[in-house]
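Okay, so here's the structure we're looking at.
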Amino acid sequence: MWALGDVVLGVYEIREVVRTGGMGLVYRVRHLQWDVDLALKTPSRT
C-alpha cells in the first residue's frame, strides 16, 4: 500500500486512493514525465 505523495517506479506520483474493494485498490496517480493523471490498480492479496 502506498501513501499520498509516494513515487512508484520513479514515474507515478500517488495523488489519492480512488476506490477500495474486494479486488484491490485503485489510485489516481500523476505520470511525472507525461504530466497526465492516470489510474493505477493494485490487486488484493487473497
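So the values come out like this:
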item	result
Considering residues of the chain that are aliphatic (A, V, I, L, M) and assigned to a loop (DSSP other than H, G, I, E, B) only, the residue farthest from the chain's Cα centre (by Cα)	Met23
Matching residues, the stretch 1-23, being touching a His at 6+ places or on another chain (Cβ under 9 Å) and surrounded by 14 or more Cβ atoms within 10 Å (Cβ to Cβ)	Tyr12, Glu13
Search result, residues across the stretch 31-46 that are over 18 Å from Leu4 (Cα atoms) and among the charged types (D, E, K, R)	Arg45
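Quick note: the coordinates plus some simple rules give every number you see, no bench work behind them. Being a predicted model, the structure only gives us computed values, none of them experimental. As a convention, Cβ positions derive from the backbone with ideal geometry for all residues, glycine included, and neighbour counts pool all protein chains shown.
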